[in-house]
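A.B. asks: After the structure tokens below, expect a handful of questions from me.
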Amino acid sequence: MTGWLIYRLKDAQNNRGYIDFYYEEGKKLGINIRLILVEDLSFGVKDNGLFLEYEEKGIEMPDFVINRSRYPLLTKQLEDMGLRVFNNYKVADICNDKAKTYQYITRLGLPTIDSKFIKGRDLDRVLNNVHEATIIKGVSGHGGNQVYLYDPKKDDNGKREKIVEALSSRDLVIQPLIGSRGQDLRVYIIGKTIIAAILRTAKDGFKSNYSLGGHVRTYSLSQEEEQIINKVTSAFDFGLVGIDFLIDDDGRLIFNEIEDVVGARMLYQCTDINLVNIYLKYILDQIS
């Protein structure tokens, strides 16, 4: 059995150890994991049908695909060619766009952040009406990038101009700053099963991302919190994702985003859970 693991080149270089986990755990389960780089793929329509080539030539199709490239169009192409892709197109399309995610999640009746969707070209004008500390995000950002805090009461060194310039070509989400704890919660999900929850606390500033130096520890979910998470999982056919919640000053979970391509460093830091093994077993069960 063969499974493709799709990455962009830069991300593959930064996640070499994690990719090796897939090789190792796949071998134990009788799966030949093959790394496929987006940069070497070409796909589209030819001779009235869909086509896909690798390194400018044909390639034997796998039994399944794990797409970690944040490229929903590629997922859609692969699915339309009959391949089973994890995560599927619905998850990839919605969860790689924060605005689409908020639109979808709000139907579920969960606590969410007030959010305004705008074009980057309108940001300077919109900031004229911002009077409190505000978070500005690119809809496609991940890992803490394309995220800025703007406080009009502390706009020194031309910070506003720098933010406007950096985000001028992006679709954006604008939100009030929630909570003073600098904490958020990532819940790892495979299928509809909660694997673990990790609490992240910002080292300084407002970003709690582990890759940016945030402190992390395991977190025990209450029954009420599990019910909130189950509402999200019931609305999607997830493979492996991370559901992120902000924590307000009263300790309540406020939905933040869903990571289609979720990182696992902090999970391995805090637990002995073999996430890749669990995920590959889940995939085998799904395609059998």
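The values are calculated or read from the model by the stated rules, or taken from the named source; none is laboratory data. Bear in mind that the values here come from a model prediction, so they are computed numbers and not experimental data. Don't worry about glycine lacking a Cβ; one is built from the backbone with ideal geometry, like all the others, and counts go over all protein chains shown.
A.B. asks: Within region 42-99, can you find the residues that are small (Gly, Ala, Ser) and farther than 22 Å from Leu9 by Cα?
C.D. replies: Of everything in region 42-99, those that are small (Gly, Ala, Ser) and farther than 22 Å from Leu9 by Cα turn out to be Gly49, Gly82, Ala99.
A.B. asks: If you take the residues of region 70-118 that are aromatic (Phe, Trp, Tyr) and crowded, with 17+ Cβ neighbours inside 10 Å, which of them is farthest from Thr134 (Cα to Cα)?
C.D. replies: Checking each candidate, the answer is Phe86.
A.B. asks: Does Phe21 fit the bill of being over 25 Å from the mean Cα position of the chain (by Cα) and among the aromatic types (Phe, Trp, Tyr)?
C.D. replies: No; evaluated as a whole, the condition is false for this residue.
Okay, residues lined up against (1) closer than 18 Å to Gly141 by Cα; (2) touching a helix residue (DSSP H, G or I) at 6+ places or on another chain (Cβ under 8 Å):
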position	(1), (2)
Leu52	no, yes
Glu60	no, no
Asn67	yes, yes
Thr75	no, yes
Met81	no, no
Val91	yes, no
Asp114	no, no
Lys119	yes, no
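A.B. asks: Turning to a different aspect of this structure: Test Gly3 against the stated conditions and say whether it is assigned to a loop (DSSP other than H, G, I, E, B) and either modelled with pLDDT of 95 or more or not assigned by TED's automatic domain parsing to the domain that holds Ile243 (or both).
C.D. replies: So Gly3 fails the test.
A.B. asks: State the number of residues belonging to region 38-69 that are crowded, with 19+ Cβ neighbours inside 10 Å, under 24 Å from Asp97 (Cα atoms) and not hydrophobic (A, V, I, L, M, F, W, C).
C.D. replies: 3
A.B. asks: Across region 2-19, what is the total count of residues that are within 17 Å of Asn32 (Cα to Cα) and among the polar types (S, T, N, Q)?
C.D. replies: 1
A.B. asks: Just need a number here: residues in region 245-259 that are in contact with a Gly (Cβ under 9 Å, 6 or more places away or on another chain), crowded, with 20+ Cβ neighbours inside 10 Å and farther than 14 Å from Thr233 by Cα.
C.D. replies: Final tally of qualifying residues: 2.
A.B. asks: Taking region 192-204 as the search range and keeping residues that are buried (at least 17 other Cβ atoms within 10 Å of the Cβ) and over 13 Å from Glu226 (Cβ atoms), which one is farthest from the chain's Cα centre (by Cα)?
C.D. replies: Looking at the filtered set, the residue picked out is Ala202.
A.B. asks: When you scan region 12-24, do you find a residue that is more than 22 Å from Arg265 (Cα to Cα) and surrounded by fewer than 20 Cβ atoms within 10 Å (Cβ to Cβ), even just one?
C.D. replies: no
A.B. asks: Is there a residue being surrounded by 18 or more Cβ atoms within 10 Å (Cβ to Cβ) and in a helix (DSSP H, G or I) anywhere in region 161-171?
C.D. replies: The answer is yes, given that some residue of region 161-171 is surrounded by 18 or more Cβ atoms within 10 Å (Cβ to Cβ) and in a helix (DSSP H, G or I).
A.B. asks: Being of a type outside the set (Gly, Ala, Ser) and under 23 Å from Val139 (Cβ atoms), is that true of even one residue in region 28-43?
C.D. replies: Looking for residues that are of a type outside the set (Gly, Ala, Ser) and under 23 Å from Val139 (Cβ atoms), one finds at least one in region 28-43, hence yes.
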